[in-house]
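Novice: What follows is a structure written as structure tokens; I'll ask about it next.
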Amino acid sequence: MKHQDSKEPKNQYLDRLLDWYDKTKKEDEVEVKKRKQDFIEEIKKFNKTDIKNTTSELPQNISLWMRIKKALGIG
């Protein structure tokens with residue numbers, strides 16, 4: 001195994017491959033940042049009342065047995 005500081009010529013194919021890899025990696029990072037920003041802007045446009053986990057219906061009074069059946073998924 002040779003030391004990295006040796007004076008031998010470097011493989012140009014590998015250099016080009018590494019340059020291409022770095023370039024595409026940077027492009028991907030920029031694209032991911034842009035998509036995140038677009039997603040954040042989309043979320044900001046949502047109406048808060050549409051997101052809430054509440055209903056306008058009043059809850060119905062059900063018996064204990066009906067609650068148990070509902071919780072167990074029987075009926």
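Any read-out appearing in this document is the output of simple, stated calculations on the displayed coordinates, not a laboratory observation. No experiment lies behind these values; they were computed from the predicted model shown. All Cβ positions, even for glycine, are placed from backbone atoms using ideal geometry, and neighbour counts span all protein chains on display.
Novice: With the crude spin-label approximation of a point 7 Å out along Cα→Cβ, what separation in nm comes out for ILE68 versus VAL30?
Specialist: 6.6
Novice: Sticking with this structure for a sec: Give the lysines whose C-alpha is closer than 25 Å to that of LYS44, dropping any in the same chain fewer than 8 places away, or say none.
Specialist: Within reach: LYS33, LYS34, LYS36, LYS52.
Novice: Based on the mean of other Cβ atoms within 10 Å per residue, sort peptides 45-51, 22-28 so the most packed one is first.
Specialist: 22-28, 45-51
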